[in-house]
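What follows is a single structure, written as structure tokens, with notes after it.
The values are calculated or read from the model by the stated rules, or taken from the named source; none is laboratory data. Because the structure is predicted, anything quoted here is derived from the model rather than measured. Cβ placement follows ideal geometry from the backbone for every residue including glycine, while neighbour counts extend to all protein chains displayed.
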Amino acid sequence: MYKVIIFDFFGVFCAPIATNWFKKTVPDYQVKSAGFQALCKRSDLGELSRSNFNNETSKLTGIPVSEIAKGIEAEMVIDTALVGYTEKLKKSGFRVVCLSNGSHEWTLQVINEHGLRHLFEEVILSSDLDIVKPDAEIYVQALRKLNIQPSQAVFVDDRKINTDAAEALGIRSLIFMDTATFIKDFEKVKKETV
């Protein structure tokens, strides 16, 4: 029986803010994409503070740090329909957890500023573990922290590579495309547990 829903954060509850900003703002983003993704991974591992990430992004793109900070902030859009549905899932008895690639500083700031901390029993971040999805160890550590078996969890992420990694460990997974599709898919998954 499924007891825990493990959600990714960026790309699920919140738009992938840095990536969206980069693609919209940097004219030659495809040329600089590998460098930017390397900065994102360093941030996700906790190797770069938010200000260092912005400074390094400025060096890569030639865009002033102040514009980067404002631009990324402008991309913060929370999926309120998903928040509402998740609150209903919690009330029905599901444990709800966040497992996200992201820096502690940045991710918790977004969660707290938008009043979302109450949604999650735990917020498990790649930067706190020094591991990023899709590394299998991040899922193993999350299961251990939650004291559950893979068969008791459903993992939700917007990236197939991450859901495939969770599935390989026996965690039922759903690819998040949009809230309406997720609700439809999860309602089917709930029936599997009856």
Check: When only residues in segment 57-66 that are touching a helix residue (DSSP H, G or I) at 6+ places or on another chain (Cβ under 8 Å) and part of a helix (DSSP H, G or I) count, which is nearest to residue 133 (Cα to Cα)?
Finding: 57
Next item on the list: Looking only at segment 149-161, count how many residues are touching a helix residue (DSSP H, G or I) at 6+ places or on another chain (Cβ under 9 Å) and buried (at least 16 other Cβ atoms within 10 Å of the Cβ).
Entry: 7
Next item on the list: Only one of these is surrounded by 15 or more Cβ atoms within 10 Å (Cβ to Cβ) and farther than 22 Å from residue 138 by Cβ: 31, 26. Name it.
Entry: 26
Notebook entry, point to check: Only one of 175, 124 is in contact (Cβ under 8 Å) with a residue 12 or more places away in the chain, in contact with a Lys or Arg (Cβ under 8 Å, 6 or more places away or on another chain), over 19 Å from residue 41 (Cα atoms) and of a type outside the set (Asp, Glu); which?
Noted result: 175
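Could you tell me whether segment 48-60 includes any residue that is touching a Ser or Thr at 6+ places or on another chain (Cβ under 6 Å), aliphatic (A, V, I, L, M) and not assigned by TED's automatic domain parsing to the domain that holds residue 116?
no
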Note to self: Let me spell it out: the conditions are (1) surrounded by fewer than 16 Cβ atoms within 10 Å (Cβ to Cβ); (2) farther than 23 Å from residue 80 by Cα, and residue 181 meets all of them except one. Which number is the exception?
What the structure shows: (2)
Margin query: Looking at segment 25-56 only, could you name the residues that are over 18 Å from residue 132 (Cα atoms), in contact (Cβ under 8 Å) with a residue 24 or more places away in the chain and in a helix (DSSP H, G or I)?
Written below: 25, 32
Notebook entry, point to check: So which of 95, 42 is more than 17 Å from residue 15 (Cβ to Cβ) and assigned by TED's automatic domain parsing to the domain that holds residue 10?
Noted result: 95
Item checked: Condition met for residue 133 (part of a helix (DSSP H, G or I), modelled with pLDDT of 95 or more and among the basic types (Lys, Arg)) -> no
